[in-house]
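Here is the structure we will look at.
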Amino acid sequence: MSRTKRGIVATVPAPWLLCTLLLLFLGACGAPTQKTIHPRGPEGRKIFIFAVDGVTWRVMDPLLQQGKLPNMARLIGSGASGELNTIVPAHSPIIWTSIATGKSPFKHGIKGFWYTVEEGEHHASQAEKDTLDRLRSIGYISGPAEGKNGEPAKALYHSGKRKALALWNILGRFDMRSDVIAWWVTYPAEAIKGRMISDRYIYNRFELATAERGYLYEDEGRNVYPEELKSLVEPLVVKVEDIRPEQMQRFIRGPVTIPKAITLHSIEDELRIVLAKDLSYVEMSRAMLDEEVPDLFTVYIQGTDIASHYFWKYLFPEEWAEKYPDAPVSAADVERYGQAINEYYIQADEWIGELLEYADENTTVVVLSDHGFETGRRTSKAEPAAHETVSGVHSKTGPPGILVMHGPDVREGVRVSGAHIYDIVPTLLTVLGLPVADDMDGRVLRSYLKSSADRVPADEASIPSYEPEAR
Ligand SMILES: [Zn+2]
(Lines give C-alpha, C1' and ligand atoms only; values in the text may rest on other atoms or scores of the structure.)
Protein backbone atom coordinates (compact mmCIF):
# COMPACT_ATOMS: atom_id res chain seq x y z
CA MET A 1 0.00 0.00 0.00
CA SER A 2 1.19 3.50 -0.64
CA ARG A 3 0.06 6.46 1.36
CA THR A 4 -1.33 9.72 0.18
CA LYS A 5 -2.26 12.61 2.45
CA ARG A 6 -4.99 11.28 4.76
CA GLY A 7 -5.65 8.40 2.46
CA ILE A 8 -4.20 5.11 1.35
CA VAL A 9 -4.37 3.15 -1.82
CA ALA A 10 -5.94 -0.17 -0.98
CA THR A 11 -4.13 -3.36 -1.80
CA VAL A 12 -5.35 -4.88 -5.01
CA PRO A 13 -6.91 -8.26 -4.27
CA ALA A 14 -5.21 -11.04 -6.19
CA PRO A 15 -8.19 -11.93 -8.45
CA TRP A 16 -8.47 -8.30 -9.58
CA LEU A 17 -4.78 -8.25 -10.24
CA LEU A 18 -5.12 -11.26 -12.50
CA CYS A 19 -8.15 -9.69 -14.16
CA THR A 20 -6.22 -6.49 -14.66
CA LEU A 21 -3.21 -8.16 -16.19
CA LEU A 22 -5.35 -10.33 -18.39
CA LEU A 23 -7.68 -7.59 -19.51
CA LEU A 24 -4.98 -5.00 -19.97
CA PHE A 25 -3.83 -7.46 -22.54
CA LEU A 26 -7.29 -7.78 -23.98
CA GLY A 27 -7.89 -4.06 -23.73
CA ALA A 28 -10.82 -3.86 -21.28
CA CYS A 29 -11.43 -4.40 -17.61
CA GLY A 30 -14.63 -3.49 -15.83
CA ALA A 31 -13.29 -3.37 -12.29
CA PRO A 32 -11.20 -0.60 -10.73
CA THR A 33 -7.75 -1.90 -9.91
CA GLN A 34 -7.27 0.34 -6.92
CA LYS A 35 -9.00 3.06 -5.08
CA THR A 36 -7.94 5.67 -2.63
CA ILE A 37 -9.48 5.47 0.81
CA HIS A 38 -10.09 8.61 2.81
CA PRO A 39 -11.45 8.79 6.30
CA ARG A 40 -15.04 9.98 6.08
CA GLY A 41 -15.44 11.08 9.68
CA PRO A 42 -15.78 14.82 10.16
CA GLU A 43 -12.41 16.55 10.58
CA GLY A 44 -11.29 16.72 14.18
CA ARG A 45 -12.85 13.43 15.21
CA LYS A 46 -10.76 11.89 17.98
CA ILE A 47 -10.59 8.75 20.09
CA PHE A 48 -9.55 8.33 23.72
CA ILE A 49 -9.10 4.77 25.02
CA PHE A 50 -8.70 4.12 28.74
CA ALA A 51 -7.38 0.58 29.00
CA VAL A 52 -8.14 -0.45 32.57
CA ASP A 53 -6.95 -3.98 33.30
CA GLY A 54 -9.24 -6.49 34.97
CA VAL A 55 -12.20 -4.17 35.65
CA THR A 56 -15.51 -5.97 36.14
CA TRP A 57 -19.12 -4.83 36.55
CA ARG A 58 -19.33 -6.94 39.69
CA VAL A 59 -17.07 -4.46 41.49
CA MET A 60 -18.14 -1.41 39.50
CA ASP A 61 -21.92 -1.59 39.82
CA PRO A 62 -22.12 -1.16 43.63
CA LEU A 63 -19.62 1.72 43.46
CA LEU A 64 -21.69 3.38 40.74
CA GLN A 65 -24.80 3.00 42.87
CA GLN A 66 -23.00 4.67 45.78
CA GLY A 67 -21.99 7.57 43.53
CA LYS A 68 -18.29 6.82 43.96
CA LEU A 69 -17.36 6.71 40.27
CA PRO A 70 -18.71 10.05 39.00
CA ASN A 71 -16.72 10.10 35.76
CA MET A 72 -17.64 6.56 34.78
CA ALA A 73 -21.25 7.30 35.77
CA ARG A 74 -21.34 10.23 33.36
CA LEU A 75 -19.87 8.19 30.49
CA ILE A 76 -22.23 5.28 31.15
CA GLY A 77 -25.28 7.49 31.66
CA SER A 78 -24.97 9.21 28.31
CA GLY A 79 -23.15 6.45 26.46
CA ALA A 80 -23.42 2.76 25.68
CA SER A 81 -22.00 0.03 27.89
CA GLY A 82 -21.95 -3.68 28.52
CA GLU A 83 -19.79 -6.71 29.08
CA LEU A 84 -16.76 -7.29 26.90
CA ASN A 85 -16.29 -10.97 26.17
CA THR A 86 -12.77 -12.25 26.05
CA ILE A 87 -10.65 -15.29 25.19
CA VAL A 88 -8.84 -17.97 27.18
CA PRO A 89 -6.25 -18.28 28.43
CA ALA A 90 -7.12 -14.78 29.56
CA HIS A 91 -3.58 -13.44 29.72
CA SER A 92 -3.15 -9.70 29.42
CA PRO A 93 -0.43 -9.61 26.70
CA ILE A 94 -2.54 -11.80 24.40
CA ILE A 95 -5.79 -9.95 25.00
CA TRP A 96 -4.51 -6.39 24.83
CA THR A 97 -2.79 -7.25 21.56
CA SER A 98 -6.08 -8.68 20.24
CA ILE A 99 -7.88 -5.52 21.31
CA ALA A 100 -5.30 -3.35 19.51
CA THR A 101 -5.30 -5.41 16.30
CA GLY A 102 -8.85 -6.78 16.08
CA LYS A 103 -7.24 -10.18 15.52
CA SER A 104 -6.87 -13.53 17.22
CA PRO A 105 -3.54 -14.62 18.73
CA PHE A 106 -3.02 -16.99 15.79
CA LYS A 107 -2.83 -13.93 13.53
CA HIS A 108 -1.05 -11.44 15.80
CA GLY A 109 1.48 -13.91 17.22
CA ILE A 110 1.47 -12.91 20.92
CA LYS A 111 0.58 -16.16 22.63
CA GLY A 112 1.30 -15.55 26.30
CA PHE A 113 3.67 -13.78 28.66
CA TRP A 114 6.80 -15.71 27.69
CA TYR A 115 8.26 -17.05 24.51
CA THR A 116 11.03 -19.57 24.10
CA VAL A 117 14.11 -17.82 22.87
CA GLU A 118 15.68 -19.41 19.82
CA GLU A 119 19.41 -19.75 19.47
CA GLY A 120 20.89 -16.34 18.63
CA GLU A 121 17.57 -14.54 19.06
CA HIS A 122 18.40 -12.84 22.31
CA HIS A 123 21.46 -12.58 24.46
CA ALA A 124 21.35 -11.00 27.86
CA SER A 125 23.38 -7.86 27.38
CA GLN A 126 25.93 -6.66 29.89
CA ALA A 127 23.61 -3.72 30.70
CA GLU A 128 20.79 -6.15 31.41
CA LYS A 129 22.97 -8.26 33.70
CA ASP A 130 24.18 -5.11 35.46
CA THR A 131 20.59 -3.95 36.04
CA LEU A 132 19.63 -7.28 37.57
CA ASP A 133 22.74 -7.29 39.75
CA ARG A 134 21.96 -3.78 40.94
CA LEU A 135 18.35 -4.67 41.79
CA ARG A 136 19.58 -7.76 43.61
CA SER A 137 22.21 -5.85 45.57
CA ILE A 138 19.69 -3.36 46.94
CA GLY A 139 17.33 -6.16 47.87
CA TYR A 140 14.73 -5.51 45.17
CA ILE A 141 14.84 -8.95 43.66
CA SER A 142 15.77 -12.30 45.01
CA GLY A 143 15.57 -14.61 42.02
CA PRO A 144 18.33 -16.77 40.59
CA ALA A 145 20.98 -15.03 38.54
CA GLU A 146 21.07 -17.60 35.76
CA GLY A 147 18.46 -19.55 33.85
CA LYS A 148 17.29 -22.67 35.63
CA ASN A 149 19.07 -25.83 34.60
CA GLY A 150 17.69 -27.73 31.69
CA GLU A 151 14.93 -25.21 30.90
CA PRO A 152 15.01 -23.47 27.55
CA ALA A 153 15.67 -19.77 27.90
CA LYS A 154 12.51 -17.69 27.89
CA ALA A 155 11.81 -13.99 27.67
CA LEU A 156 8.79 -11.69 27.86
CA TYR A 157 7.05 -11.21 24.52
CA HIS A 158 8.08 -7.94 22.89
CA SER A 159 6.63 -5.77 20.15
CA GLY A 160 8.92 -7.28 17.51
CA LYS A 161 6.98 -10.53 17.89
CA ARG A 162 3.67 -8.94 16.88
CA LYS A 163 2.71 -9.95 13.35
CA ALA A 164 -0.34 -7.73 12.85
CA LEU A 165 -0.88 -4.00 12.61
CA ALA A 166 -2.29 -2.24 15.65
CA LEU A 167 -4.87 0.52 15.42
CA TRP A 168 -2.10 3.13 15.83
CA ASN A 169 -0.22 1.71 12.82
CA ILE A 170 -3.36 1.81 10.67
CA LEU A 171 -4.22 5.38 11.68
CA GLY A 172 -0.64 6.43 10.91
CA ARG A 173 -1.25 5.46 7.31
CA PHE A 174 -4.04 8.02 7.19
CA ASP A 175 -1.74 10.65 8.61
CA MET A 176 -3.48 10.49 11.97
CA ARG A 177 -1.42 10.84 15.12
CA SER A 178 -1.52 8.41 18.04
CA ASP A 179 -0.14 8.73 21.56
CA VAL A 180 0.17 5.25 23.05
CA ILE A 181 1.15 4.95 26.69
CA ALA A 182 2.03 1.72 28.51
CA TRP A 183 0.00 -0.64 26.28
CA TRP A 184 1.01 -4.29 26.71
CA VAL A 185 3.78 -5.62 24.44
CA THR A 186 4.82 -2.20 23.12
CA TYR A 187 8.47 -2.63 24.12
CA PRO A 188 10.61 -1.73 22.19
CA ALA A 189 8.63 1.42 21.38
CA GLU A 190 7.61 1.51 17.71
CA ALA A 191 8.34 4.44 15.43
CA ILE A 192 4.72 5.45 14.91
CA LYS A 193 3.09 8.60 13.63
CA GLY A 194 2.73 10.11 17.07
CA ARG A 195 4.35 9.19 20.36
CA MET A 196 4.79 6.01 22.31
CA ILE A 197 5.91 5.12 25.83
CA SER A 198 6.50 1.39 26.15
CA ASP A 199 5.14 -0.84 28.89
CA ARG A 200 8.67 -1.48 30.18
CA TYR A 201 9.62 2.15 30.71
CA ILE A 202 8.53 2.08 34.33
CA TYR A 203 9.77 -0.48 36.83
CA ASN A 204 7.18 -3.23 36.95
CA ARG A 205 6.46 -6.57 38.53
CA PHE A 206 7.54 -8.48 35.44
CA GLU A 207 11.12 -7.47 36.09
CA LEU A 208 10.71 -9.35 39.37
CA ALA A 209 8.80 -12.22 37.82
CA THR A 210 11.41 -12.61 35.10
CA ALA A 211 14.25 -12.70 37.60
CA GLU A 212 12.31 -15.09 39.84
CA ARG A 213 11.97 -17.53 36.95
CA GLY A 214 15.53 -17.08 35.75
CA TYR A 215 14.31 -15.79 32.37
CA LEU A 216 15.65 -12.94 30.27
CA TYR A 217 14.44 -9.38 30.72
CA GLU A 218 15.48 -7.23 27.83
CA ASP A 219 15.53 -3.50 28.46
CA GLU A 220 18.19 -2.13 26.15
CA GLY A 221 15.73 -1.27 23.38
CA ARG A 222 13.84 1.94 22.85
CA ASN A 223 11.34 2.70 25.58
CA VAL A 224 10.17 6.04 24.30
CA TYR A 225 9.47 7.28 20.77
CA PRO A 226 10.51 9.79 19.61
CA GLU A 227 13.70 10.15 21.62
CA GLU A 228 12.95 13.86 22.35
CA LEU A 229 9.89 12.82 24.34
CA LYS A 230 12.23 11.65 27.09
CA SER A 231 13.01 15.17 28.26
CA LEU A 232 9.29 15.70 28.90
CA VAL A 233 8.48 12.40 30.60
CA GLU A 234 11.67 11.33 32.36
CA PRO A 235 11.23 13.84 35.24
CA LEU A 236 7.73 12.46 35.81
CA VAL A 237 8.84 8.93 36.72
CA VAL A 238 7.51 8.00 40.17
CA LYS A 239 9.94 5.48 41.65
CA VAL A 240 8.68 2.63 43.78
CA GLU A 241 10.88 3.84 46.63
CA ASP A 242 9.21 7.27 46.48
CA ILE A 243 5.75 5.95 47.40
CA ARG A 244 4.92 7.21 50.89
CA PRO A 245 2.90 5.41 53.59
CA GLU A 246 0.11 8.05 53.28
CA GLN A 247 -0.35 7.12 49.62
CA MET A 248 -0.70 3.47 50.55
CA GLN A 249 -3.22 4.31 53.28
CA ARG A 250 -5.76 5.26 50.67
CA PHE A 251 -5.99 1.53 49.94
CA ILE A 252 -4.94 -0.05 53.23
CA ARG A 253 -6.60 0.81 56.55
CA GLY A 254 -4.21 1.19 59.50
CA PRO A 255 -0.50 1.87 59.84
CA VAL A 256 1.69 1.13 56.83
CA THR A 257 5.43 0.67 57.00
CA ILE A 258 7.37 0.50 53.79
CA PRO A 259 10.11 -2.13 53.65
CA LYS A 260 13.32 -1.44 51.74
CA ALA A 261 13.08 -4.65 49.73
CA ILE A 262 10.32 -5.53 47.33
CA THR A 263 9.00 -9.06 47.27
CA LEU A 264 6.98 -10.57 44.46
CA HIS A 265 3.52 -11.71 45.65
CA SER A 266 3.74 -9.73 48.88
CA ILE A 267 0.38 -8.00 48.66
CA GLU A 268 1.43 -4.57 49.91
CA ASP A 269 4.56 -4.57 47.75
CA GLU A 270 2.60 -5.53 44.65
CA LEU A 271 0.27 -2.60 45.30
CA ARG A 272 3.19 -0.23 45.81
CA ILE A 273 4.93 -1.26 42.58
CA VAL A 274 1.81 -0.83 40.46
CA LEU A 275 0.80 2.45 42.10
CA ALA A 276 4.19 3.97 41.24
CA LYS A 277 3.82 2.67 37.70
CA ASP A 278 0.28 3.97 37.15
CA LEU A 279 1.06 7.35 38.74
CA SER A 280 4.00 7.71 36.38
CA TYR A 281 2.07 6.90 33.23
CA VAL A 282 -0.91 9.10 34.18
CA GLU A 283 1.40 12.06 34.87
CA MET A 284 3.10 11.47 31.52
CA SER A 285 -0.30 11.33 29.82
CA ARG A 286 -1.20 14.70 31.27
CA ALA A 287 2.07 16.27 30.18
CA MET A 288 1.74 14.90 26.66
CA LEU A 289 -1.90 16.00 26.32
CA ASP A 290 -0.88 19.45 27.59
CA GLU A 291 1.41 19.69 24.58
CA GLU A 292 -0.97 18.29 22.00
CA VAL A 293 -4.13 16.19 21.81
CA PRO A 294 -3.60 13.49 19.16
CA ASP A 295 -6.22 11.78 16.97
CA LEU A 296 -5.91 8.65 19.12
CA PHE A 297 -4.88 8.85 22.76
CA THR A 298 -4.59 5.76 24.92
CA VAL A 299 -3.22 4.97 28.37
CA TYR A 300 -3.13 1.63 30.16
CA ILE A 301 -3.85 1.36 33.90
CA GLN A 302 -2.79 -1.85 35.65
CA GLY A 303 -3.56 -1.36 39.35
CA THR A 304 -7.19 -2.49 39.07
CA ASP A 305 -5.91 -5.91 37.98
CA ILE A 306 -3.13 -6.20 40.55
CA ALA A 307 -5.43 -5.09 43.40
CA SER A 308 -8.01 -7.66 42.28
CA HIS A 309 -5.45 -10.49 42.25
CA TYR A 310 -4.19 -9.79 45.74
CA PHE A 311 -7.17 -8.31 47.63
CA TRP A 312 -10.16 -10.22 46.20
CA LYS A 313 -10.77 -12.42 49.24
CA TYR A 314 -10.95 -9.35 51.49
CA LEU A 315 -13.70 -7.83 49.33
CA PHE A 316 -15.63 -11.11 49.01
CA PRO A 317 -14.65 -12.98 52.21
CA GLU A 318 -17.81 -15.10 52.36
CA GLU A 319 -17.29 -16.44 48.88
CA TRP A 320 -13.70 -17.25 49.74
CA ALA A 321 -14.68 -19.01 52.97
CA GLU A 322 -17.16 -21.17 51.10
CA LYS A 323 -14.63 -22.17 48.47
CA TYR A 324 -11.59 -22.52 50.73
CA PRO A 325 -12.81 -23.37 54.24
CA ASP A 326 -9.26 -24.48 55.07
CA ALA A 327 -7.85 -20.96 54.63
CA PRO A 328 -10.02 -18.54 56.60
CA VAL A 329 -9.59 -14.78 56.25
CA SER A 330 -9.40 -12.91 59.57
CA ALA A 331 -11.80 -10.08 60.37
CA ALA A 332 -8.76 -7.88 61.02
CA ASP A 333 -7.47 -8.47 57.49
CA VAL A 334 -10.90 -7.82 56.00
CA GLU A 335 -10.87 -4.51 57.88
CA ARG A 336 -7.34 -3.68 56.70
CA TYR A 337 -7.61 -4.77 53.07
CA GLY A 338 -11.35 -4.90 52.31
CA GLN A 339 -11.46 -1.53 50.53
CA ALA A 340 -8.27 -1.82 48.45
CA ILE A 341 -9.97 -2.89 45.21
CA ASN A 342 -12.80 -0.37 45.57
CA GLU A 343 -10.33 2.40 46.28
CA TYR A 344 -8.28 1.51 43.20
CA TYR A 345 -11.42 1.69 41.06
CA ILE A 346 -12.16 5.12 42.58
CA GLN A 347 -8.57 6.21 41.92
CA ALA A 348 -8.85 5.06 38.30
CA ASP A 349 -12.11 6.99 37.94
CA GLU A 350 -10.34 10.14 39.17
CA TRP A 351 -7.49 9.65 36.71
CA ILE A 352 -9.96 9.13 33.87
CA GLY A 353 -11.83 12.28 34.92
CA GLU A 354 -8.63 14.33 34.90
CA LEU A 355 -7.59 13.11 31.46
CA LEU A 356 -11.12 13.57 30.08
CA GLU A 357 -10.54 17.32 30.49
CA TYR A 358 -8.60 17.04 27.25
CA ALA A 359 -11.43 15.35 25.31
CA ASP A 360 -13.78 17.60 23.35
CA GLU A 361 -17.27 16.93 21.97
CA ASN A 362 -15.75 15.34 18.86
CA THR A 363 -14.06 12.68 20.93
CA THR A 364 -15.26 9.11 21.18
CA VAL A 365 -14.26 7.90 24.64
CA VAL A 366 -13.75 4.19 25.25
CA VAL A 367 -13.15 2.62 28.66
CA LEU A 368 -12.52 -1.10 28.54
CA SER A 369 -10.96 -4.01 30.34
CA ASP A 370 -9.43 -7.21 29.03
CA HIS A 371 -11.24 -9.56 31.44
CA GLY A 372 -13.07 -9.66 34.76
CA PHE A 373 -12.26 -11.60 37.93
CA GLU A 374 -13.48 -14.44 40.09
CA THR A 375 -12.52 -16.00 43.41
CA GLY A 376 -9.71 -18.51 43.08
CA ARG A 377 -6.20 -19.56 43.95
CA ARG A 378 -3.23 -19.42 41.68
CA THR A 379 -1.03 -22.44 41.41
CA SER A 380 2.21 -21.86 39.58
CA LYS A 381 5.29 -24.04 39.84
CA ALA A 382 7.44 -21.13 38.68
CA GLU A 383 6.02 -18.73 41.28
CA PRO A 384 4.98 -20.85 44.28
CA ALA A 385 4.51 -17.80 46.54
CA ALA A 386 1.45 -16.81 44.50
CA HIS A 387 -0.49 -19.74 45.91
CA GLU A 388 -0.67 -18.09 49.33
CA THR A 389 -1.45 -14.52 48.35
CA VAL A 390 -3.43 -14.54 45.11
CA SER A 391 -7.18 -14.78 45.74
CA GLY A 392 -8.66 -13.35 42.53
CA VAL A 393 -8.07 -15.06 39.16
CA HIS A 394 -9.12 -14.88 35.53
CA SER A 395 -6.71 -16.81 33.30
CA LYS A 396 -8.43 -20.16 32.93
CA THR A 397 -12.07 -19.07 32.60
CA GLY A 398 -11.84 -15.56 31.15
CA PRO A 399 -14.72 -13.81 32.92
CA PRO A 400 -15.91 -10.87 30.78
CA GLY A 401 -14.50 -7.39 31.15
CA ILE A 402 -16.32 -4.11 30.61
CA LEU A 403 -16.87 -1.85 27.62
CA VAL A 404 -18.08 1.73 27.95
CA MET A 405 -18.33 4.00 24.91
CA HIS A 406 -19.33 7.63 24.78
CA GLY A 407 -19.26 10.15 21.96
CA PRO A 408 -20.97 11.82 19.04
CA ASP A 409 -21.70 8.53 17.23
CA VAL A 410 -22.48 6.45 20.30
CA ARG A 411 -26.00 5.64 21.45
CA GLU A 412 -27.01 7.28 24.71
CA GLY A 413 -27.87 5.56 27.95
CA VAL A 414 -28.06 1.98 26.71
CA ARG A 415 -26.73 -1.21 28.26
CA VAL A 416 -26.03 -3.70 25.51
CA SER A 417 -24.59 -7.19 25.31
CA GLY A 418 -22.55 -9.26 22.92
CA ALA A 419 -19.36 -7.22 22.51
CA HIS A 420 -16.07 -9.04 22.05
CA ILE A 421 -12.47 -7.89 22.35
CA TYR A 422 -12.01 -8.41 18.60
CA ASP A 423 -14.77 -5.85 17.87
CA ILE A 424 -13.00 -2.76 19.21
CA VAL A 425 -10.82 -1.98 16.16
CA PRO A 426 -13.60 -2.54 13.55
CA THR A 427 -15.95 -0.36 15.61
CA LEU A 428 -13.44 2.48 16.03
CA LEU A 429 -12.49 2.38 12.34
CA THR A 430 -16.20 2.80 11.55
CA VAL A 431 -16.46 5.78 13.92
CA LEU A 432 -13.56 7.38 12.02
CA GLY A 433 -15.23 6.63 8.69
CA LEU A 434 -12.63 4.07 7.66
CA PRO A 435 -13.23 0.64 6.15
CA VAL A 436 -12.95 -2.51 8.22
CA ALA A 437 -10.53 -5.16 6.95
CA ASP A 438 -11.82 -8.61 6.04
CA ASP A 439 -8.88 -10.27 7.80
CA MET A 440 -9.94 -8.84 11.18
CA ASP A 441 -11.79 -11.24 13.44
CA GLY A 442 -14.28 -8.80 14.96
CA ARG A 443 -17.35 -7.02 13.71
CA VAL A 444 -18.69 -3.49 14.03
CA LEU A 445 -20.66 -3.08 17.27
CA ARG A 446 -23.84 -1.67 15.69
CA SER A 447 -25.68 -1.94 19.01
CA TYR A 448 -23.29 0.68 20.45
CA LEU A 449 -23.49 3.13 17.55
CA LYS A 450 -26.01 5.59 16.17
CA SER A 451 -26.84 5.22 12.50
CA SER A 452 -24.88 8.47 11.95
CA ALA A 453 -21.71 6.40 12.36
CA ASP A 454 -22.31 4.81 8.96
CA ARG A 455 -20.42 7.17 6.73
CA VAL A 456 -18.82 4.69 4.42
CA PRO A 457 -21.03 3.45 1.55
CA ALA A 458 -21.74 -0.26 1.92
CA ASP A 459 -19.62 -1.21 -1.08
CA GLU A 460 -16.60 0.59 0.41
CA ALA A 461 -17.09 -0.46 4.03
CA SER A 462 -14.46 -3.17 3.86
CA ILE A 463 -11.11 -3.89 2.32
CA PRO A 464 -9.29 -7.23 2.22
CA SER A 465 -6.52 -6.16 4.59
CA TYR A 466 -4.45 -3.30 5.94
CA GLU A 467 -1.41 -5.56 6.28
CA PRO A 468 1.44 -4.98 3.86
CA GLU A 469 1.96 -8.05 1.71
CA ALA A 470 5.33 -8.70 3.32
CA ARG A 471 3.81 -9.42 6.73
ZN1 LIG B 1 -4.37 -10.32 35.79
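Things worth noting here:
- In the stretch 82-117, the residue that is farthest from the ligand (Cβ to nearest atom) out of those that are of a type in the set (Lys, Arg) and touching a Ser or Thr at 6+ places or on another chain (Cβ under 9 Å) is LYS107.
- Some residue of the stretch 5-23 being touching a Leu at 6+ places or on another chain (Cβ under 9 Å) and either in a loop (DSSP other than H, G, I, E, B) or at pLDDT 50 or above (or both): no
- Residue satisfying all of: in the stretch 358-384; aliphatic (A, V, I, L, M) and within 16 Å of the ligand (Cβ to nearest atom); farthest from ALA321 (Cα to Cα) among these: LEU368
- Residues being more than 21 Å from PRO317 (Cα to Cα) and either without any contact (Cβ under 8 Å) to a residue 40 or more places away in the chain or basic (Lys, Arg) (or both) - total across the stretch 384-412: 3
- Residues of the stretch 286-336 satisfying the condition of being aromatic (Phe, Trp, Tyr), out of contact with any Asp or Glu (no Cβ under 6 Å at 6 or more places or on another chain) and within 16 Å of the ligand (Cβ to nearest atom): TYR300, PHE311, TRP312
- Per-region count, the stretch 160-201, residues in a helix (DSSP H, G or I) and either basic (Lys, Arg) or modelled with pLDDT under 95 (or both): 3
- Selected residue (criterion: nearest to LEU236 (Cα to Cα)) from residues of the stretch 280-301 that are surrounded by fewer than 21 Cβ atoms within 10 Å (Cβ to Cβ) and out of contact with any helix residue (DSSP H, G or I) (no Cβ under 8 Å at 6 or more places or on another chain): ASP290
- Residue count, the stretch 442-462 (criterion: hydrophobic (A, V, I, L, M, F, W, C), over 17 Å from TYR422 (Cα atoms) and in contact (Cβ under 8 Å) with a residue 12 or more places away in the chain): 3
- Cross-chain or 6+ apart pairs with Cβ under 8 Å, the stretch 250-279 first and without any contact (Cβ under 8 Å) to a residue 24 or more places away in the chain, then hydroxyl-bearing (Ser, Thr, Tyr) and not in a helix (DSSP H, G or I): ASP269/THR263
- Residue check, PRO62 more than 22 Å from THR427 (Cα to Cα), within 16 Å of the ligand (Cβ to nearest atom) and of a type outside the set (A, V, I, L, M, F, W, C): no
- Of all the listed residues (ASP454, ASP439, ASP409), the sole one being in the same structural domain as LYS103 (by TED's automatic domain parsing) and buried (at least 18 other Cβ atoms within 10 Å of the Cβ) is ASP409.
- Residue tally, condition touching a Lys or Arg at 6+ places or on another chain (Cβ under 9 Å), closer than 16 Å to VAL274 by Cβ and modelled with pLDDT of 95 or more, over the stretch 215-255: 5
- Hey, VAL55 assigned to a loop (DSSP other than H, G, I, E, B), within 16 Å of the ligand (Cβ to nearest atom) and out of contact with any helix residue (DSSP H, G or I) (no Cβ under 9 Å at 6 or more places or on another chain) or not: no
- Only residues that are part of a strand (DSSP E or B), among the aromatic types (Phe, Trp, Tyr) and out of contact with any Leu (no Cβ under 9 Å at 6 or more places or on another chain) were counted in the stretch 82-115, giving 0.
- For ALA307, the requirement of being over 16 Å from VAL52 (Cβ atoms) and of a type in the set (Gly, Ala, Ser) is not met.
- Filtered by the rule that a residue be closer than 28 Å to GLN249 by Cα and at pLDDT below 95, the stretch 346-383 gives ARG378, GLU383.
The values are calculated or read from the model by the stated rules, or taken from the named source; none is laboratory data. The shown structure was predicted, so the numbers you read here are calculated from the model rather than taken from an experiment. For neighbour counting, all protein chains shown are included, and Cβ atoms are generated from backbone atoms with ideal geometry for every residue, glycine included.
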